1. Name the residue that is farthest from the ligand (Cβ to nearest atom), counting only residues in segment 179-197 that are exposed (fewer than 15 other Cβ atoms within 10 Å of the Cβ) and at pLDDT 85 or above.
2. With a cut-off of at least 1 residues that are farther than 26 Å from residue 122 by Cβ, name the strands (runs of 3 or more DSSP E) lying wholly within segment 1-82.
3. What number goes with the only condition from (1) assigned to a loop (DSSP other than H, G, I, E, B); (2) within 16 Å of the ligand (Cβ to nearest atom); (3) at pLDDT below 85 that residue 176 does not pass?
4. If you go through segment 123-150, how many residues are surrounded by 16 or more Cβ atoms within 10 Å (Cβ to Cβ) and within 16 Å of the ligand (Cβ to nearest atom)?
Ligand SMILES: [Zn+2]
């Protein structure tokens, strides 16, 4: 039975690496995938992993109907044996419904990869719809670590290394970035709640009397 599978986790947990591995394994067996992405760190029309691998992808636009896109592709003699959707948290809920329809009506496996929650620990709408519709949700086992060494379960947005909790849900950035840019850092829940990033923990260790001491 074809399936809609949602592979999820924090930033930096190896989602795109796994997407590329699935793509590689299937193309090695002669299968051809339709690969969608959106706002990949390597630029438009790419699916890249932090380990340096990259492949071409279809850049999903606002309001694009993914089911129609696949039907058009197939009716024009194109081939698609399975579908990969990377950065699926950036897809609209309707686009997730379209991917479910691809599974049910076109009998294709759809593998979606995405971050579960945003920098305020709220579900992305696309990820929420995937949790609602997926046949399987797989939490990735390559676990990212907080600076304290605990399992990182939350994404923090930072500016100059300091965690921020205001702003638009989607601001493209990365876990590697220069000092004053918007960046992201994965944290354990405890340090996400205390808004303590690697940089602020270092600053607190260097000058404990300067920063307020958190009690909880
Ligand atoms: Zn921590």
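1. Taking segment 179-197 as the starting set, the residues that turn out to be exposed (fewer than 15 other Cβ atoms within 10 Å of the Cβ) are 179-181, 189-190, 193.
If we keep only those that are at pLDDT 85 or above as well, we get 189-190, 193.
Numbers: 189: 8, 190: 6, 193: 10 Å.
Among residues in segment 179-197 that are exposed (fewer than 15 other Cβ atoms within 10 Å of the Cβ) and at pLDDT 85 or above, the one farthest from the ligand (Cβ to nearest atom) is 193.
2. Details: elements: 4-9, 33-37, 46-48, 54-56.
Filter on segment 1-82 gives 33-37, 46-48, 54-56.
3. Result: residue 176 fails condition (2) only.
4. Qualifying residue count, segment 123-150: 4.
The values are calculated or read from the model by the stated rules, or taken from the named source; none is laboratory data. A quick note: this is a predicted structure, and the numbers were derived from the prediction, not measured. Positions of Cβ are backbone-derived with ideal geometry, glycine not excepted, and every protein chain shown enters the neighbour counts.
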